[in-house]
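A.B. asks: Input: one structure, supplied below.
The values are calculated or read from the model by the stated rules, or taken from the named source; none is laboratory data. Because the structure is a prediction, the values reported are computed rather than measured. Neighbour counts run over all protein chains shown; Cβ positions are idealised from the backbone, glycine included. Note: areas computed on protein heavy atoms with side chains; ligands, DNA, RNA excluded. Shrake-Rupley method; radii C 1.70, N 1.55, O 1.52, S 1.80 Å.
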Amino acid sequence: MTMLALYMFPLLFSLLLLGVPVAFSMLATATVFGWIVFDTALVFQLVEKVEDVASNFVLAAVTLFVFMGCMLERAGIAEQLFEAVHVWTRRMPGGLALGTVVMCIIFAASTGVIGATETVVGLLAIPVMLKHRYDKPLICGTICAGGSLGTIIPPSVVVVVMGPLANVSVGDLLVGMVFPGLIMAGFYVAYIYLLCRIRPDAGPVVPAEEDTMTVAEKLRITAFALVPPLFMIVTVLGSLMLGLAAPTEAAAIGAAGSVLLAAFYGRLSWATLNGAVMKTLQVTAMIMTILLAGSMMTGVFIGAGGVTLAQELVDKAQLGPWGLLALVLGLTFLAGFFLDWISIVLIMIPLFTPLIVAAGFDAVWFCILFLVMIQTSYLTPPMAPAIFYLRGIAPPEITTGHMYRGVLPFIGLQVLTLIIVLVFPQTVLWLPSKLLGFN
Amino acid sequence: MQSFVRFVDRLTGCVGFVGAWLVAPLILSACYEVFSRYILGSPTIWAYETGYMFTGANFLLGMAFAMRENAHIRVDVLYLRFSPRTKAIVNALSYALIVVPIGSWLAFALYKHGLSAYLTRETSGQSAWNPVVWPFRLSFFVAFAMLVLQALSELAKCLLLLRQTEPEERAHGVLPSAAGRQGSH
Amino acid sequence: QDAKHSFKMATGWPGGPLMDIGAKAFAERVDQMSDGRIKIQVFPGGTLGNALKVTETVKNGVAEMGHTWMGYDWGRDTTTVLFGGYAGSFDSERMLHWLYQAGGVDLQRQYRDEVFGVVSMPLFIRTAEVFLHSRKPVRTLEDMKGLKLRTAGSWLDMAKDLGAAPVTTAGGDVFPMLERGAIDATEWGTLWEDIAPGFHKVAKYLIIPGVHQPVAPFDLVINKDAWAKLSDKDKTLIETAARLTTFDSWLRIGEEDAKALDVYRKAGNEVIELAPEVQYRTREIADAWADKQAETNPWFAKVLASQRDFERRWANATQYRNVKVRATATQ
Ligand code: NA
Ligand code: NA
């Protein structure tokens, strides 16, 4: 029974390689193996998963952020916003990509749901970067990696699930991930800047002689194009920070704000609005169908003894503390290839946190390492949700090859962050000790 | 076959349109909840439940539409190198062997799931509003029934294409959307 | 004749005491009592099926066993609230007596069988929960007015009658909302169980006792076909293991709660006891709610009658069981 779970992957990967849509490949794998495990009761399990995913309130943030992105894009506000960024950063190597990372940080601070940050910023930033002839792999890497900040910059839904499982305070985790998240974002910024310094064609600058715009002109463009959208984005973030709204509600305020903004610029028409609504449907249906099928497949994987398998592996290995940590993080990385985040957390954290703690490590620190690890896995081809989401919003001239090449350096940067957190646990542990509590 | 394809594609468009516009009440209800809680000091009893219902029904009703628009993404490393004929074969098989049978099975089970909720007047038990759950569950059934219909329509398109483009003349064929494009555009 | 069995158990829990000293402790005890013949593999909530619909998961045979809280099913039938505990319930000591000595267990078995089609028995019991982790001090009915408190289930209805403004949110949104003040307060579990989520690190006031949930018995559900396959001896074994696990959980939580209070005090929380007027008023609201349910629901009426009979019989228990001691003697 135990090995059965392993046989799921040859089937899944064959279907995927053939080009069967990701969601249907997972659905097929879930059904074939689910039949073996649950027999006819399988259908009830699948039905429950439909209800489970369809009744998940926090997923509303994905829909709302996608709508915000589509609306700003259709109304031309996205382009104008990034053009305004370009006005100021045109002389800086990779300026637009850097602006994109900053935008990702801002959106990451307003939502904690996987995929939301990536889709909204991708919709906003890709067309403009393409127009200015940015290197396509760089565009892809920036969007995928920047988008993945959504779960490591608070708030974060994953961490809320993780806390009680690991028997640590959600607050410690939310505050503890601030520095690792910022370190990671800092690496992105430094990398993009250096890359475009060394290879100017990756993020082209406008030559000095062509940059004839006066400061007054720049300010005028900024006031018109940059200030109103930024004001809206700050409102979203502010409503969250000031305690007016829950994270999901802040996303709704942003969605409403994008419609008002389009009206403010006089670009709100039936065609624009309906276009944004229909495009939102396409993107969210694509993302959530993968989530649904993934959750079905995970349920079967667990029912087929996948958990026992992981546990036996660790039990048999008989490793020292660091070896154990490496094995657990390695398993996490692999699990991130085919299981959904929440399930990975649900399975791995209760299973391994006690062992890790018994080996003398800090639970909060381990949770953050774990988080960085699934984030890296989330970015790593071939099964990379980050790339699936990008595929769903990117124009066809960006190929999967561009995406695969583009994420590689950023995977390296995430591993670097992981190592820094490994070597300096204080990056995680210092801030919560200062910020939380009433003493 | 042609008229079946046209009919289903249009029906999917209508269902998708309705599902897509659920995003409007989703936005409005969440914004109203913030207003009501913060300004009026009295949270609504319904915003949480309408929130997940609109979100769930939105994406479920969009599944068939996304299929029509070829928006369900794939790992296209090999797929892009396939000939249009091979693509059509892969697609025809995935509709015929995966989506249609599993989808029908699920649609039937979801129908019974919804019906039992209707007969027992089951309520959600998730908030003080505590609404009956059958209307929400009806959207599960409609979504999967539409997915199956759309898969049949796509299957028909693939078969038409395979009949049109015999192997020797495939280079000249004019291809319907089902077999051709990658990605979502 | 001693057959081997291997069962999957779905739960509603990600981890924590419900998992460790509830579902898993039960599985281990069954394993030990059956000399390893009966193996139960416990799955975290949300992995086999929906965490809130364990009963359905078990009835449909996706899992042979399940560990859940009956109150999750109140959308199907409100009688579940009487077995799961609500603002009108007696304390955990009385609940144990009602269940095991005054016919509660039999009623529960009969009810779950008839209405939900599963075999059911108590497994795990909670003592009174924390009433609120709050950003504002709450003592009196006046303090309750307009208090934005996050809660779930049937208590939402009753909290409104106390003057509060109850909020329903996704579990994942609760922490950020409390931290930022989008809500004033939230309820969660018992003193011990609430240390892990860490609400006390962002909400200064700890309001006790949990008038909304003086007790919470949890529920072992078993698929009828799976149950039928067990020998009579094994059925008794399962029942005994469940009862022992329930008592052990009660003892453990009692002691851990006592220790937990110190944790909160050391963390700088202020512990506030609700004024008697709030405690009395809550019970009145709950009783009125229960009376209303009983009018239209025969099962509810039957279980409520049994619980009220018991309570009348125990009306003088505090007088003959508890010796009065000056508060200063225990400080
Ligand atoms: Na975030
Ligand atoms: Na991956």
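A.B. asks: Assuming 0.36 nm per residue, please report the length gained on full extension of the stretch C:SER6 to C:ASP262 beyond their Cα-Cα distance.
C.D. replies: Numbers: separation 256, 0.36 × 256 = 92.16 nm, distance 4.21 nm.
Extending this stretch completely gives an extra 88.0 nm.
A.B. asks: Please count, across segment C:168-272, the pairs of lysine residues with Cα atoms under 24 Å apart that sit 8 or more places apart or on different chains.
C.D. replies: Values: C:LYS201/C:LYS259; C:LYS201/C:LYS266; C:LYS204/C:LYS259; C:LYS204/C:LYS266; C:LYS224/C:LYS233; C:LYS224/C:LYS235.
Within segment C:168-272, the lysine pair count is 6.
A.B. asks: Quick one: in chain C, what % of C-alpha pairs are over 31 Å apart? Don't jump to the answer; show the numbers that get you there.
C.D. replies: Numbers: 17798 of 54615 pairs.
The proportion of pairs with Cα distances above 31 Å equals 33 percent.
A.B. asks: Please give the per residue volume of the convex hull enclosing the alpha carbon atoms of segment C:238-331, rounded to a whole number of Å³. Intermediate values should be presented prior to the final figure.
C.D. replies: Details: hull volume 18.4 nm³, N = 94.
Once divided by residue count, the hull of segment C:238-331 is 195 Å³.
A.B. asks: On a 0 to 90 degree scale, rounded to 10, what angle separates helix B:100-120 from the longest Cα axis of chain B?
C.D. replies: It works out to around 20 degrees.
A.B. asks: For a quick size check, give me the Cα extents of segment C:138-188 along its three principal axes, largest first, whole Å.
C.D. replies: 28, 22, 15
A.B. asks: Follow-up question, since we're still on this one. Angle between the Cα long axis of helix A:116-131 and the longest principal axis of chain A, 0 to 90 degrees, nearest 10?
C.D. replies: The answer is roughly 40 degrees.
A.B. asks: Over chain C, what is the mean sequence separation of C-alpha contacts under 8 Å (at least six apart), divided by residue count, expressed as relative contact order in percent?
C.D. replies: On the way: 576 pairs, mean separation 76.2, N = 331.
About 23 percent, as a whole number.
A.B. asks: Here's a follow-up. Between chains A and C, what is the buried accessible area in Å², counting both sides, with a 1.4 Å probe and ligands, DNA and RNA left out, to the nearest 100?
C.D. replies: Working: alone 18420 and 15440 Å², together 30560 Å².
Interface between A and C: roughly 3300 Å².
A.B. asks: Then there is this: Only counting protein heavy atoms at a 1.4 Å probe, give the residues of segment B:121-140, ordered by number, whose accessible area falls by 40 Å² or more when the other protein chains are present relative to the chain alone.
C.D. replies: B:GLU122, B:GLY125, B:GLN126, B:ALA128, B:PHE140
A.B. asks: At a threshold of 8 angstrom on Cα-Cα distance, excluding pairs fewer than six apart, so keeping six or more, what relative contact order does segment A:77-192 reach in percent?
C.D. replies: Rounded, it is 29 percent for segment A:77-192.
A.B. asks: Average projected area of the Cα convex hull of segment C:111-152, in nm²?
C.D. replies: Working: hull surface 21.1 nm².
Taking the Cα atoms of segment C:111-152, their convex hull projects to 5.3 nm² on average.
A.B. asks: While we're on this one: Report the label-to-label distance for C:GLU142 and B:ALA96 in nanometres (one decimal), using points 7 Å from each Cα along the Cα→Cβ vector.
C.D. replies: Those two pseudo-labels are separated by 7.9 nm.
A.B. asks: Shifting gears a bit: Taking the alpha carbon gyration tensor of segment B:23-63, what are the square roots of 5 times its eigenvalues, largest first, to the nearest whole Å? It would help to have the intermediate numbers written out before the result.
C.D. replies: Details: eigenvalues 110, 16, 4 Å².
Three semi-axes, in Å: 23, 9, 4.
A.B. asks: When averaged across all projection directions, what area in nm² does the alpha-carbon convex hull of segment B:1-70 cover? Don't skip to the end; give the middle numbers.
C.D. replies: Values: hull surface 19.9 nm².
Across all orientations, segment B:1-70 yields a mean hull projection of 5.0 nm².
A.B. asks: Right, next: Could you tell me the accessible area of A:CYS140 in Å² (1.4 Å probe, neighbours in place), rounded to the nearest ten?
C.D. replies: Near enough 0 Å² of accessible area.
A.B. asks: To continue, here is another question. Work out the FRET efficiency for C:ARG321 and B:ALA24 from their Cβ-Cβ distance, taking R0 = 60 Å, and round it to the nearest 0.05.
C.D. replies: Details: r = 61 Å, r/R0 = 1.01.
According to the calculation, E is roughly 0.50.
A.B. asks: Per Stokes-Einstein, at 25 °C and 0.890 mPa s, what whole-number D in µm² s⁻¹ belongs to segment C:123-222, with the Kirkwood radius over Cα pairs as the hydrodynamic radius? Provide the component values of the computation, followed by the final result.
C.D. replies: Numbers: Rh = 13.8 Å.
In µm²/s, the coefficient rounds to 178.
A.B. asks: Could you give the Stokes-Einstein D for the protein assembly as shown in µm² per second, using the C-alpha Kirkwood radius, 25 °C, 0.890 mPa s?
C.D. replies: Details: Rh = 29.2 Å.
The diffusion coefficient I find is 84 µm²/s.
A.B. asks: Find the percent of Cα-Cα distances in segment A:127-268 that exceed 22 Å, and round it to a whole number.
C.D. replies: Values: 6080 of 10011 pairs.
Here the tail beyond 22 Å accounts for 61 percent of pairs.
A.B. asks: Please report Rg (one decimal) and Dmax (integer) in Å for the Cα set of segment C:1-63.
C.D. replies: Every Cα atom of segment C:1-63 included, Rg and Dmax give 12.2, 37 Å.
A.B. asks: Once neighbouring chains are kept in place and the probe is 1.4 Å, which whole percent of the accessible area of segment A:322-378 is contributed by carbon and sulfur?
C.D. replies: On the way: 1140 of 1460 Å².
Answer for segment A:322-378 is 78 percent, counting heavy atoms of protein chains only.
A.B. asks: Further question: With every protein chain left in place, what is the accessible area of A:GLU312 in Å² (1.4 Å probe, nearest 10)?
C.D. replies: Its accessible surface works out to 80 Å², give or take rounding.
A.B. asks: So for the protein assembly as shown: antiparallel DSSP bridges make up what percent, rounded to the nearest 5? It would help to have the intermediate numbers written out before the result.
C.D. replies: On the way: 17 of 33 bridges.
In the protein assembly as shown, DSSP labels about 50 percent of beta bridges as antiparallel.
A.B. asks: With charges set only on the Cβ (+1 for Lys and Arg, -1 for Asp and Glu), what does the dipole of segment B:1-82 come to about its Cα centre, in debye to the nearest 20?
C.D. replies: On the way: 6 positive and 5 negative charges, 54 e Å.
Roughly 260 debye, rounded to the nearest 20.
A.B. asks: While we're looking at this one, here's another question. Distance from the Cα centre of segment A:245-261 to that of segment A:72-98, in angstrom?
C.D. replies: Segment A:245-261 and segment A:72-98 have Cα centres separated by 22 Å.
A.B. asks: If you don't mind, another one. I need the per residue convex hull volume for segment A:309-397, using only the alpha carbons, in cubic angstrom as a whole number. Walk me through the numbers before you get to the answer.
C.D. replies: On the way: hull volume 8.7 nm³, N = 89.
It comes to 98 Å³ per residue, whole-number rounded.
A.B. asks: For Cα pairs less than 8 Å apart in space and 6+ apart in sequence, what is the mean separation divided by the residue count of chain A, i.e. the relative contact order in percent? Show your work: numbers first, answer last.
C.D. replies: Values: 598 pairs, mean separation 118.6, N = 439.
Normalised by residue count, the contact order of chain A is 27 percent.
A.B. asks: For segment A:70-194, which whole-number percentage of the solvent-accessible area (1.4 Å probe, protein heavy atoms only) is attributable to carbon and sulfur atoms?
C.D. replies: Numbers: 1880 of 2850 Å².
Within segment A:70-194, the accessible surface is 66 percent carbon and sulfur.
A.B. asks: On average, how much area does the Cα convex hull of segment A:180-331 cover when viewed from any direction, in nm²? Intermediate results must be reported in sequence, preceding the final value.
C.D. replies: Details: hull surface 67.5 nm².
Result: a mean projected hull area of 16.9 nm².
A.B. asks: How many angstrom lie between the C-alpha centres of segment C:110-167 and segment C:182-200?
C.D. replies: Taking the Cα centre of segment C:182-200 as reference, the centre of segment C:110-167 is 13 Å away.
A.B. asks: For B:SER42 and A:ARG267, what does the FRET efficiency come to when R0 = 30 Å and r is the distance between their Cβ atoms, rounded to the nearest 0.05?
C.D. replies: Working: r = 36 Å, r/R0 = 1.20.
E between B:SER42 and A:ARG267, to the nearest 0.05, is 0.25.
A.B. asks: Still on this structure, please answer the following. Quick one: angle between helix C:104-116 and the longest Cα principal axis of chain C, in degrees between 0 and 90, rounded to 10, please.
C.D. replies: 80 degrees
A.B. asks: For segment A:1-119, just the Cα set please: Rg and Dmax, both in angstrom.
C.D. replies: Calculated on Cα positions, Rg and Dmax stand at 21.2, 64 Å.
A.B. asks: Running Debye on segment A:289-439 with equal point scatterers at the Cα sites and no solvent, what base-10 log of I(q)/I(0) appears at q = 0.16, 0.18, 0.19 Å⁻¹?
C.D. replies: -0.98, -1.14, -1.21
A.B. asks: Per residue and in Å³, how big is the convex hull formed by the alpha-carbon atoms of segment B:8-148?
C.D. replies: Details: hull volume 17.8 nm³, N = 141.
Value for segment B:8-148: 126 Å³ per residue.
A.B. asks: In square angstrom and rounded to 100, what buried accessible area do you get between chains B and A, total over both, with the probe at 1.4 Å? Display every interim value, and only then the final one.
C.D. replies: Working: alone 11060 and 18420 Å², together 24130 Å².
Chains B and A together bury approximately 5300 Å².
A.B. asks: Only sites in a loop by DSSP and with at most 13 other Cβ atoms within 10 Å count here; which GluC sites (Glu not before Pro) in segment C:1-107 make the cut? Walk me through the intermediate numbers first.
C.D. replies: On the way: sites: C:GLU28, C:GLU56, C:GLU64, C:GLU93; in loops: C:GLU64.
Hits after loop and neighbour filter: nothing returned.
A.B. asks: Okay, next question. Counting helices only, and only those DSSP H runs with n ≥ 4, report the 222 nm mean residue ellipticity of chain B as the sum of -39,500 (n - 2.57) divided by its residues, in deg cm²/dmol to the nearest 500. Display every interim value, and only then the final one.
C.D. replies: Numbers: 7 runs with 124 residues, N = 185.
Roughly -22500 deg cm²/dmol at 222 nm, from the helical runs in chain B.
A.B. asks: Moving on to the next point. When the helices in chain C are scored as -39500 (n - 2.57) per DSSP H run of 4 or longer and the sum is shared across all residues, what 222 nm value do you end up with, to the nearest 500 deg cm²/dmol? Write down the numbers at each step before the final one.
C.D. replies: Details: 13 runs with 148 residues, N = 331.
Dividing the helical sum by the residues of chain C leaves -13500 deg cm²/dmol.
A.B. asks: In whole angstrom, note down how far apart the Cα centers of segment A:130-201 and segment A:340-370 are.
C.D. replies: Their Cα centres are 21 Å away from one another.
A.B. asks: By accessible area of protein heavy atoms, probe 1.4 Å, what ranking do C:LYS224, C:LYS233, B:LYS157 get, highest first?
C.D. replies: Values: C:LYS224 85, C:LYS233 120, B:LYS157 25 Å².
Largest accessible area first, the list is C:LYS233, C:LYS224, B:LYS157.
A.B. asks: Oh, and also: Would you compute, for the Cα atoms of segment A:282-331, the largest minus smallest coordinate along each principal axis and list the three values in descending order, in whole Å?
C.D. replies: Here the Cα extents, ordered largest to smallest, are 49, 23, 8 Å.
A.B. asks: Here's a follow-up. In Å², and per residue, what accessible area does chain A have when probed at 1.4 Å with the other protein chains present?
C.D. replies: Values: 14150 Å² over 439 residues.
Per-residue value: 32 Å².
A.B. asks: Tell me which residues come under 5 Å, amide H to amide H, from C:VAL271 once H is placed; ignore anything under 5 positions away on its chain.
C.D. replies: Residues meeting the criterion, in which the H sits 1.01 Å from N, are C:LEU206.
A.B. asks: Sum -39500 (n - 2.57) across every DSSP H segment of at least 4 residues in chain A, then divide by the residue count to get the 222 nm mean residue ellipticity, nearest 500.
C.D. replies: Details: 22 runs with 336 residues, N = 439.
When only DSSP H runs of four or more count, the value is -25000 deg cm²/dmol.
A.B. asks: Now for a different question. Can you tell me the Rg and Dmax of segment B:92-156, counting just the alpha carbons, in angstroms?
C.D. replies: Final numbers for Rg and Dmax: 14.7, 48 Å.
A.B. asks: If you don't mind, another one. Specify which residue in the list A:GLY303, A:ILE114, A:ILE420 is farthest towards the positive end of the charge dipole of chain A, using unit charges on the beta carbon of Lys, Arg (+1) and Asp, Glu (-1), about the Cα centre.
C.D. replies: Result: A:ILE420, furthest along the dipole toward the positive end.
A.B. asks: Go through B:ILE27, B:LEU149, A:TRP430 and say which Cα lies farthest out towards the positive end of the charge dipole of the protein assembly as shown; charges sit on Cβ, +1 for Lys and Arg, -1 for Asp and Glu.
C.D. replies: B:LEU149
A.B. asks: Let me ask you something else. Return the FRET efficiency for the residue pair A:ASP315, A:SER14: r is the Cβ-Cβ distance, R0 is 30 Å, and the value is rounded to the nearest 0.05.
C.D. replies: Numbers: r = 31 Å, r/R0 = 1.03.
The computed FRET efficiency comes out at 0.45.
A.B. asks: Please arrange A:MET213, A:MET71 by accessible surface area, largest first, computed with a 1.4 Å probe and ligands excluded. Working shown, then result.
C.D. replies: Values: A:MET213 55, A:MET71 0 Å².
Largest accessible area first, the list is A:MET213, A:MET71.
A.B. asks: From the P(r) of chain A, can you give the percent of Cα pairs sitting at distances over 35 Å? Intermediate values should be presented prior to the final figure.
C.D. replies: Numbers: 28964 of 96141 pairs.
In whole percent, the long-distance tail amounts to 30.
A.B. asks: So, one more: Using the Cα centre as the reference, give the magnitude of the dipole from point charges on the C-beta atoms of the protein assembly as shown (Lys, Arg: +1; Asp, Glu: -1; all else neutral), rounded to the nearest 20 debye. The partial results should precede the final answer.
C.D. replies: Details: 74 positive and 75 negative charges, 219 e Å.
Its charge dipole is roughly 1060 debye.
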